[in-house]
Amino acid sequence: MGQWDRFLAPYKQAVDELKIKFKGMRRLYETDNINSPIEFVTGRVKPIASIYDKSLEKGIPFEPSDELARELQDIAGLRMMCQFVGDIETVVDLLRNRNDLRIVEEKDYISREKQSGYRSYHVIVEYPVQTINGEQLILAEIQIRTLAMNFWASIEHSLNYKYKGVFPDEIKLRLQRAAEAAFQLDEEMSQIRDEIQEAQAYFTEFKDSPRTH
Ligand code: 0O2
């Protein structure tokens, strides 16, 4: 097994475990017939090529080391998607109340979006992984965002890849407008949240019953 594989193994373990735990939270809401603030969860270990880019950007030697583990806080990355902006605070509170992880930092890019138009709430946590050599504390970045924020971020991320971070002015402007439109969409949906959730609860309750008409 290579040096990198050995270095990344506990990160993979952390991502796998946290994905299961966060998906489990959604299931508990469903069991109780309560609208879940978590719509879906994804997770990944940062690809080596992105670790390389980030270490270059931060001026850290590109090698498995404690320094790299300390400075790159998103080698283990989780994303929790919500239907409504208001759900984000609920999810952050759920994280604050867990005793299997410790929050080390919160970054609010929702009330203050990034210049690109990016919106998300980031929580950096320390998560203990049980390895064959004992316990290892792993840093993980949890990004919490609405479906609209996620849609925008994934489109922008692929364009970023294509243009290597240097967008033509026209594209930059359109992305900023799209970010504003996504923000408006979130606002509108929040206004009719109660109506939507009533309909969803009705649908969930009756989706398994046989049709009588
Ligand atoms: P990838 O490919 O998703 O892994 P800092 O050290 O705090 O100054 P850092 O470490 O870049 O800055 O953290 P930050 O700014 O909180 O952002 C970390 C991650 O947030 C990024 O990881 C992206 O996933 C996401 N992100 C931040 N800004 C943007 C943005 O403008 N557009 C999109 N689409 N995503 C963004 P990576 O490693 O950059 O990328």
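Worth a mention:
- Matching option when the condition is within 16 Å of the chain's Cα centre (by Cα) and farther than 20 Å from residue 54 by Cβ, among 113, 156, 126: 113
- Strands (runs of 3 or more DSSP E) fully within the stretch 1-116 counting 1 or more residues that are buried (at least 19 other Cβ atoms within 10 Å of the Cβ): 40-45, 76-82
- With respect to (1) within 15 Å of the ligand (Cβ to nearest atom); (2) buried (at least 18 other Cβ atoms within 10 Å of the Cβ), the lone exception for residue 186 is condition (1).
- In the stretch 167-188, the count of residues that are of a type in the set (D, E, K, R), modelled with pLDDT under 90, outside any loop (DSSP other than H, G, I, E, B) and out of contact with any Lys or Arg (no Cβ under 8 Å at 6 or more places or on another chain) is zero.
- Filter pass, residue 96 being touching a strand residue (DSSP E or B) at 6+ places or on another chain (Cβ under 7 Å), more than 13 Å from the ligand (Cβ to nearest atom) and farther than 19 Å from residue 13 by Cβ: yes
- Residue pairs whose Cβ atoms lie under 9 Å apart, sitting 6 or more positions apart in sequence or on different chains, and linking a residue in the stretch 142-154 that is closer than 23 Å to residue 73 by Cα and at pLDDT 95 or above to a partner that is among the acidic types (Asp, Glu) and outside any strand (DSSP E or B), are 143/74; 144/87; 146/39; 146/87; 146/186; 149/186.
The values are calculated or read from the model by the stated rules, or taken from the named source; none is laboratory data. What you are looking at is a predicted structure, and each value in this text was computed from that prediction instead of being measured. Cβ sites come from the backbone with ideal geometry, for glycine too, and all protein chains shown count toward neighbours.
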